[in-house]
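The values are calculated or read from the model by the stated rules, or taken from the named source; none is laboratory data. Computed from a predicted model, the values in this text were never measured in an experiment. Using ideal geometry, Cβ is built from the backbone for each residue, glycine included, and neighbour counts are taken over all protein chains shown. Accessible surface areas use protein heavy atoms only, side chains included; no ligands, DNA or RNA. Shrake-Rupley method; radii C 1.70, N 1.55, O 1.52, S 1.80 Å.
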Amino acid sequence: MKQHFANLVEEEESAIDMTPMLDVVFIMLIFFIVTASFVKESGIDVNRPDAATAVQKNRANILVAISDSNEVWINKREVDLRAVQANIERLYAENPQGSVVIQADEESNTKTLIEVMDAARAAGVFDVSVATDEQ
């Protein structure tokens, strides 16, 4: 009986408690999710024009796409031209350090591009760029 009791005590002492390790793993997972920056897309594929003086822009958080049929897309959904300013204001309020990058198709009208740029500036964002492909 004494031997059986000793084996039981020994088994209890040799058990590994995994709870603290799981807690640490979940805390690290939450940390990485909160600090991760996700790639945002405008929602459509655009044939951008070529430019010899194209410069890489790192912090482009608000992407606006203009299709070849002059449709404006923000966050994977089509937006009416009159609602572009309100959408940019909302996205800029979420990330005040962000800039607006307009991905205009080479077949789109300049008028639509200028209206989107004006809407971005009216929303309070003055760091507005037009996306191009390098030659």
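Collect the residues in the stretch 68-87 that are within 15 Å of Thr112 (Cβ to Cβ) and under 14 Å from the mean Cα position of the chain (by Cα), keeping them in residue-number order.
Across the stretch 68-87, the qualifying residue is only Ile74.
State all residues of the stretch 91-105 that are open to solvent by 10 Å² or more (accessible area, probe 1.4 Å) and either farther than 14 Å from Val72 by Cα or under 14 Å from the mean Cα position of the chain (by Cα) (or both); if no residue qualifies, say none.
Leu91, Tyr92, Ala93, Glu94, Asn95, Pro96, Gln97, Val101
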